[in-house]
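Encoded as structure tokens, the structure appears first; notes follow it.
Each reported figure results from applying straightforward, stated rules to the coordinates on display, with no laboratory input. Worth saying up front: this structure is predicted, and the values here are computed from it rather than measured. Because the Cβ atoms are built from the backbone with ideal geometry, glycine has one as well, and the counts that use them run over all protein chains shown.
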Amino acid sequence: PPPPPPPRLIRTLSFTLTVLPSQIPRCYPRRFPHPPPTDWPAWLKIGFLPNSRGGCNDLILSGHATVTSTLACALTSVAGNGTLSRAVWTLVAVDYAIEALEGLHYSVDMWLGCVVTCLLWVLTRGAEREGERERKELWRKLRWQQSQQLQQQQLQQQQQQKQQLYEHSSRTPQWNGTVIGMYALPTILGFLILTVVPEAYVNYFLVGYTLWAGGIVFRWGQTNYSQHILLCLLYVTLAAYL
């Protein structure tokens, strides 16, 4: 269906078709020259003069009612709270009553401004729902894209970790003479203790070997070399007593 006309257009057509007299007593003598000019140039000149107090006629629909009703409809639509909505519309009704009692607007002026604005808001609710569906669809797409990006990042990280592990495992260790000597020394000492040292003195050598291994562990911590020394001590001890 075609979109409904905005309240401003309806208001303009309404007070163009029918002009209501002002509800303020002696409005024209207070705001404009009296008696009014009879020739057209003077009459147009007075009509174009700035006047913040408005003219001496009532404009249906009320612009005041149109603006306040639009704000109330927007607040009710966004808040979605029944108590807040009732409070807002109660304040709007009190405002309209004050405007009518003080003679600033006709009561029908405020009533039609509220009713027409609310009807137009209801007619355009489909656009609001369509926009809400579009926002939800956009949000769903954004979340899907974020999840896809996160999965891709996780896959890349896993591939990098696998590549690093593969390179590390396939890398040929670089052995030098010092490293070979350090790892060979505990083994040679254990072999000498078991084959050369007399059986009566084996315990003393085992105590010395244990103290030496403990010093290495205390100084360097849990390293590969420390574990190697402890394994050698275990094998020598088992071989000596078994």
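Using alpha-carbon pairs under 8 Å, 6+ residues apart, how would you state the relative contact order of the chain in percent?
Worked out over the chain, it gives 17 percent.
Helix 107-123 versus the longest principal axis of the chain: what is the Cα-based angle in degrees, 0 to 90, to the nearest 10?
Helix 107-123 sits roughly 40 degrees off the main axis of the chain.
Return the unpartnered cysteines for the chain, using a Cβ-Cβ cut-off of under 4.7 Å.
Result for the chain is Cys73, Cys114, Cys118, Cys232, no neighbouring Cys Cβ within the cutoff.
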